[in-house]
Amino acid sequence: MTVPLAAIFAVSGTELTADERAFLRDANPLGFILFGRNCEEPETIRKLTGELRDCVGRSDAPILIDQEGGTVMRLRPPIWSDAPAARTLGTLFMREPDRAMRAAYAVGCLFGAELRDLGIDVDCAPVADLGLPQTTGAIGTRAYSDKLEVIVSLARQMARGLIHEGCLPVMKHMPGHGRGQVDSHRVLPRVDAGLETLRESDFATFRALRDLPLGMSAHIVFKAIDPDAPATISRKVIEEVVRGDIGFDGFLFSDDIAMSALRGNPAERTRNVLRAGCDAVLHCTGDLSEMMDVASAAMPLSDKAQARWAKALTMRPIPSGLAVEDYADQLAQNLKG
């Protein structure tokens, strides 16, 4: 079988165009990511996820989505369940940690069950970044807390819930976005903190979660490590921090390479990301000409990336089959106390 391209692509709408279908068939990306523009009725999403996999001829091609709870949910009520922002659970943890952890687990199970029903099998969550007073609003309430124990406990439980329902979690944004004071969608954040501070705080959350199967990089400069390049395109950060200090040996996606924090055209960004050591490029605009540029510069998954992906798939059990309503009730009970 042909080795997939080290790329995850988005598409423009709720149905594939003929040009998208032909491109994806030829490019053979590892997988896909959905956004709000792709998500209408459940049956429409099921049809789209099936068509995407048919394009590449792989029934197990991963399909990703950002379903965190709070402000970042591509699937929203009234069709799909509501869930609180991470910070709400972090606040609850300070009063009743056991109840907060049960709620975080229920969120993971709830999202996992809903996504599985639609043919989506990877959730870009949980966020394991610190939530500091200076943290950019782009992270904001998506972060559980500024306390290591709270972040690790709740992120772990959400990840467990997702995995329990056959959906792989992607912890983000490695090696930490909490000290970024600007939105990397628009501008490149730069962090002045010293290496020891970073090791003891920002990196520590990911170190404690390093056994999770999938991670996502941060478009953020750590001046104490590599003052010239954001983590996503810094071999020094990925090798010495993500793979070294943190000890993460799972599959590493880049954050969206179309974000303004990165420089260069799509092909240049793609080459920089893969040279730095990310296992696959994430491209999210759905712009076909940009995807073609990415595909021209990307390469098939490396041997290490293939091994990491294969290992990740072994961590996904057969879903429990519990009804979404059961998990929604569990979440509501734990939020109310």
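Please work out which residue is farthest from VAL11 (Cα to Cα), limiting yourself to segment 294-305 and to residues that are more than 18 Å from the chain's Cα centre (by Cα) and crowded, with 18+ Cβ neighbours inside 10 Å. Taking the candidates together, the pick is LEU301.
Put simply, of THR14, THR49, THR44 the only residue that is out of contact with any Pro (no Cβ under 8 Å at 6 or more places or on another chain), of a type in the set (Val, Ile, Thr) and either at pLDDT below 95 or not in a helix (DSSP H, G or I) (or both) is THR14.
Would it be correct to say that PHE111 is buried (at least 22 other Cβ atoms within 10 Å of the Cβ), out of contact with any Gly (no Cβ under 9 Å at 6 or more places or on another chain), touching a residue at least 24 places away in the same chain (Cβ under 8 Å) and part of a helix (DSSP H, G or I)? Answer is no for this residue. One residue alone among GLU68, GLU96 is modelled with pLDDT of 95 or more and under 26 Å from HIS185 (Cβ atoms), and that residue is GLU68.
No other residue among LEU52, LEU64 is in contact with a helix residue (DSSP H, G or I) (Cβ under 9 Å, 6 or more places away or on another chain) and buried (at least 22 other Cβ atoms within 10 Å of the Cβ) apart from LEU52.
Taking ARG37 as the residue in question, decide whether it is touching a residue at least 24 places away in the same chain (Cβ under 8 Å) and in a helix (DSSP H, G or I). Taking the combined requirement at face value, the residue satisfies it. Take ALA310 and decide whether it is surrounded by fewer than 18 Cβ atoms within 10 Å (Cβ to Cβ), at pLDDT 95 or above and either touching a strand residue (DSSP E or B) at 6+ places or on another chain (Cβ under 9 Å) or of a type in the set (A, V, I, L, M) (or both). So ALA310 fits the description; yes.
Any residue at all in segment 210-229 that is more than 19 Å from the chain's Cα centre (by Cα), under 18 Å from ALA27 (Cβ atoms), at pLDDT 95 or above and of a type outside the set (A, V, I, L, M)? Checked against the condition, which is being more than 19 Å from the chain's Cα centre (by Cα), under 18 Å from ALA27 (Cβ atoms), at pLDDT 95 or above and of a type outside the set (A, V, I, L, M), segment 210-229 yields no hits at all.
Look at (1) closer than 27 Å to PHE248 by Cβ; (2) modelled with pLDDT under 90; (3) of a type outside the set (S, T, N, Q); (4) in a helix (DSSP H, G or I) and you find that PRO317 fails only one, number (4).
Here is a check on your reading of the model: is GLY137 surrounded by fewer than 21 Cβ atoms within 10 Å (Cβ to Cβ) and assigned to a loop (DSSP other than H, G, I, E, B)? Criteria met by GLY137.
When residues in segment 77-91 are screened for being farther than 17 Å from ALA128 by Cα and more than 18 Å from the chain's Cα centre (by Cα), 6 of them pass.
Of all the residues in segment 135-161, those that are out of contact with any Gly (no Cβ under 6 Å at 6 or more places or on another chain) and of a type in the set (Asp, Glu) number 1.
Inside segment 173-202, can you point out the residues that are assigned to a loop (DSSP other than H, G, I, E, B) and basic (Lys, Arg)? Within segment 173-202, ARG179, ARG186 meet the criteria. Scanning segment 143-172 for residues that are part of a loop (DSSP other than H, G, I, E, B) and acidic (Asp, Glu), we see that the one that is surrounded by the fewest Cβ atoms within 10 Å (Cβ to Cβ) is ASP146. For the condition part of a helix (DSSP H, G or I), in contact (Cβ under 8 Å) with a residue 60 or more places away in the chain, in contact with a strand residue (DSSP E or B) (Cβ under 9 Å, 6 or more places away or on another chain) and not small (Gly, Ala, Ser), ILE8 does not qualify.
Filtering segment 1-25 to residues that are within 21 Å of the chain's Cα centre (by Cα) and under 25 Å from SER302 (Cα atoms) leaves PRO4, LEU5, ALA6, ALA7, ILE8, PHE9, ALA10, VAL11. Pairs meeting the criteria (first residue in segment 318-337 and over 14 Å from GLY108 (Cβ atoms), second residue at pLDDT 75 or above and among the aliphatic types (A, V, I, L, M), beta carbons under 6 Å, at least 6 apart or on different chains) are LEU335/ALA103.
The values are calculated or read from the model by the stated rules, or taken from the named source; none is laboratory data. Here the structure is a predicted model, which means the values were calculated and not measured. So basically every Cβ, Gly included, is an ideal-geometry build from the backbone, and we count neighbours across all protein chains shown.
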